[in-house]
Structures are given as C-alpha cells and as structure tokens.
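The values are calculated or read from the model by the stated rules, or taken from the named source; none is laboratory data. What you see is a predicted model, and the numbers here were worked out from it, not measured in a lab. Cβ coordinates were reconstructed from backbone atoms using ideal geometry, including for glycine residues, and neighbour counts include every protein chain displayed. In case anyone asks, the SASA skips ligands and DNA or RNA and just uses the protein heavy atoms, side chains included. Shrake-Rupley method; radii C 1.70, N 1.55, O 1.52, S 1.80 Å.
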Amino acid sequence: MIHAAEAIKRICLEAGADDVGLVDIDRKSLQQEREGILHVYPLARSVISIVVANNRESLQSPARYVANEEYHHTGDRIASVAREILRRLNTLGIRGVVVNKGWPMAVNRIPAKIWDVSHKIMAVEAGLGHMGLNRLVLHPRMGGFIALDSILVDGVFDAYDLPLAKSPCINCNLCAAVCPTGAITKNQPFNFLACLTHTYRDNFIGFHNWVEAMVTSQDMAEYRSHFDDRETALMWQSLMFRMTYRCSYCMAVCPAGEDLTASYHQNKKLHVERILKPLKDRKEPVCVTAGSKAEAKAKSNPNKEVRIVTGLGRISPKIDSGLQS
Ligand code: B12
Ligand code: SF4
Ligand code: SF4
C-alpha cells in the first residue's frame, strides 16, 4: 500500500514536530547511508526526518548550563515526538524504528563510526535545510536552532521531498569567528577532532583520560595536574546529571533563517555585541591537544586558558593520526 505523503506529514506536525520531510532510501544520494539505515531496521523503505525547535535565547545565553539544559530537553522532546509519530503510524499499519537523536551511541565501536544514521544528511535530503559553514543543518525559517531525528519506516509514500535549492547560510563567518578551537574555518573542512576534544571534554574522551589520571597518579597533586578541581566537578556533573557540552557557540551566534536573518541585517553590531562577544570573551579553559592548530587558535584569544589534554589519541590513535590537522 502506498500512503499519502500529505496525511503522514500532518500526523507528524500534529504530534509535535515543527517541520517534517520524507525521503526514499533508494535514491542515489543515499547509497552510502543505506547500510547504516538497514542495520538499524532491515525493513526500512522510507525515512521520516523531523525537526523540533530549540528555545533560541536559552542556547545563546553566556550561562552555558542554561544552554545545556535546553539541548537536553529539546533532545528529549524530539525523541518523544518521534515515538508518538511512530505509535500513530502504527495504527495505519506502518511499522518502523525511531533512531536515537544522538547519545547513547555504539560507543564500543570506536575507532569506527559510532552512529548508523546521520540525521543531518536525512534532513538535507528531506528538504529541511542545508549544512552551513558551521556544519549544522540550517532550516530556512528556524536556522540552526533545531534538533533533528529520523524515523525509519517500512511504508512507501506517494511523494518524497528533495534538497532545497538554496542554502540558508548567509556566509557571515560569525561561526568561524566565535569558534575557540578553529574547528570552523572558511576554506578548510570542518576539524571535528578540534571540536570533539574541547566540546566533548566531559564525555567519553575526558572520561578515559580521567580514569587514566586516577589510575596512574601517585598522589592528589599529580591527579590535579591532569584534572583540577573545576574539571573534577564538571566530570561529576556530567556523570551525575547529563553531559555538559562545553561549547556549541557556532549554533548560538548563527543568524541564518528567516526568524533571525532580517533582524541581524538591521543591526549587525547589536547581534555581535549581544551574542557573539560574551561568548568570545568568556573566560574559560579550552581543551586542545599539544601542537595542534587548535592550540594555536586557543592561544590567540587572551580570554581563553589553554588546557593541553591527551584527547582521543590515547584511546584511538588511528583516528587521531589519520584525521588531525
Ligand atoms: C558525530 C556528531 C558530532 C561530532 C562530529 C560533528 C560532525 N560535523 O559530524 C562532534 C562531537 C564534533 C559534534 C559536535 C556537535 N554536535 Co553533533 N552530532 C554528531 C552525530 C552523532 C553524527 C553527525 C554526522 O552525521 N556526521 C557525518 C556528516 C554528516 O557530517 P559532516 O560534517 O559532513 O562530516 C564530518 C564528520 O563525518 C567527521 N568525521 C569523519 N570521520 C569521523 C569519525 C568519527 C569517529 C567522528 C566522530 C567524526 C568523523 O568529519 C567530517 C568533516 O567535518 C549527530 C547525531 C546523528 N546521529 O546524526 C549529532 C548532531 C549532528 N550534533 C548536533 C549538535 C547540536 C552538535 C553540537 C552543537 C553539540 C551539541 N550541543 O549537541 C556540536 C556542533 C559542532 C558542529 N559545528 O558540527 C545536532 C545538529 C543539529 C543541527 N541543527 O544540525 C545533531 C544532528 C544531533 C541532533 N539529533 O540534533 N557532533
Ligand atoms: S561546538 Fe565550539 S569548538 Fe565545536 S565547532 Fe562549534 S564553536 Fe567550534
Ligand atoms: S554563522 Fe553565518 S557563516 Fe556560519 S553557518 Fe551561520 S550563516 Fe553561515
């Protein structure tokens, strides 16, 4: 049976998605993604890509614990919305699987890819936006302030979406300007290791380093040379509550999307003063590996305290040596 795309989309919006697009998994542009999709759900025929908006101002706050709470809540909400959509589709005879929006992932696969379905690629194929210079999917209205999720279903639809003709990225370069690790630069590919080493410090990489520091340190002074008391507190918080993202500034400053671009163009200076500057000037440690371009970048901002860490290298030398620039 072929289902009406319009009716499926209506169900998604009524269940709480802020936007939705439909993708057939046989299209040529998804050939590399098929294996991952079929690993998660061997009966998949289509992907329903959904978007849920974040509260923008919470993500822009210099109080980063406020931004973190927003990430986690929007993540929970999109996971619930996706499950609600699937329950409703079940009543039409459509079966499927909701893919995790992010964590938990197949972290035991490192150094191989730890996720199976790239929500960004699905969202682009579903016509929900394009990846901007910051490598985030920018929605034409909501910009980058969105969470993404994908529902893999066995149903076939009478119409599918295609990528948008135009990218919402306005090439303002603010994401590159605010990035404390230099992961985003105009003429080079996104340096995911630079981003990962800093933003994910209180995630699995830092955790490995933390265990190592505890096992190998002879006394507290040596332990504190690896993890000072602030870092121990952040690790405790990530383990006790939920992971602390140390950065995400590239999302906070991005003026893409109708909701924001017009006001940005009206007063660029105000946008920079109010949103970019407090993040750029924020006094904080920036975690980098020794000798990396990220180290040089972090050192160039006097407001940042450069923290040399082991990074992923100790856990997965293969990734570090193969990809670090
Ligand atoms: C892996 C990952 C990361 C990695 C790599 C980012 C990346 N660009 O791929 C790191 C840790 C750096 C990261 C950081 C962040 N992420 Co993230 N991340 C993911 C994840 C799990 C997969 C992304 C993906 O598909 N990448 C592959 C392709 C599409 O990305 P790409 O840029 O074209 O290619 C790069 C990677 O492939 C990378 N790469 C190559 N080989 C390898 C090997 C390994 C092991 C890794 C890790 C990466 C890697 O290098 C390529 C060149 O840059 C998704 C969830 C999901 N399951 O889809 C969330 C996701 C992309 N993240 C998201 C967010 C919000 C963030 C952060 C803001 C942190 C946060 N608060 O959550 C930062 C922003 C950094 C940035 N500017 O991209 C959102 C993005 C929403 C949006 N509007 O687009 C997603 C979709 C989660 C969600 N469900 O909403 N993330
Ligand atoms: S999350 Fe931070 S370090 Fe990573 S790309 Fe964005 S601004 Fe750069
Ligand atoms: S901050 Fe500017 S350059 Fe960067 S992704 Fe957003 S619109 Fe594009």
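Condition first: outside the structural domain of P278 (by TED's automatic domain parsing) and over 21 Å from the mean Cα position of the chain (by Cα). Can you find one or more residues in segment 56-68 that meet it? No: zero hits.
Answer yes or no as to whether S217 is open to solvent by less than 40 Å² (accessible area, probe 1.4 Å), modelled with pLDDT of 95 or more and more than 9 Å from ligand 1 (Cβ to nearest atom). So S217 passes the test. Do the conditions hold for I170, that is, is it surrounded by fewer than 21 Cβ atoms within 10 Å (Cβ to Cβ) and either within 16 Å of ligand 3 (Cβ to nearest atom) or hydrophobic (A, V, I, L, M, F, W, C) (or both)? The answer is yes for I170. Checked against the criterion of being over 16 Å from the mean Cα position of the chain (by Cα), surrounded by fewer than 23 Cβ atoms within 10 Å (Cβ to Cβ) and either farther than 30 Å from K113 by Cβ or near ligand 2 (Cβ under 10 Å from one of its atoms) (or both), the candidates Y264, Y200, Y245 yield just one match: Y264. Listed by first and then second residue, the pairs linking a residue in segment 293-309 that is farther than 17 Å from P278 by Cα to a residue that is assigned to a helix (DSSP H, G or I) and open to solvent by 70 Å² or more (accessible area, probe 1.4 Å), with Cβ atoms under 7 Å apart and 6 or more places separating them unless they lie on different chains, are V306/K299.
Scanning segment 56-78 for residues that are out of contact with any helix residue (DSSP H, G or I) (no Cβ under 8 Å at 6 or more places or on another chain), among the small types (G, A, S) and crowded, with 18+ Cβ neighbours inside 10 Å yields a single hit, G75. Does segment 111-128 include one or more residues that are within 15 Å of ligand 1 (Cβ to nearest atom) and within 24 Å of L279 (Cβ to Cβ)? There is at least one residue in segment 111-128 that is within 15 Å of ligand 1 (Cβ to nearest atom) and within 24 Å of L279 (Cβ to Cβ). The number of residues in segment 87-131 being assigned to a helix (DSSP H, G or I) and farther than 25 Å from Q32 by Cβ comes to 4.
Checking the structure you have, find out if any residue of segment 221-232 is buried (at least 17 other Cβ atoms within 10 Å of the Cβ), of a type in the set (D, E), closer than 25 Å to K299 by Cβ and more than 16 Å from ligand 3 (Cβ to nearest atom). Yes: one or more hits.
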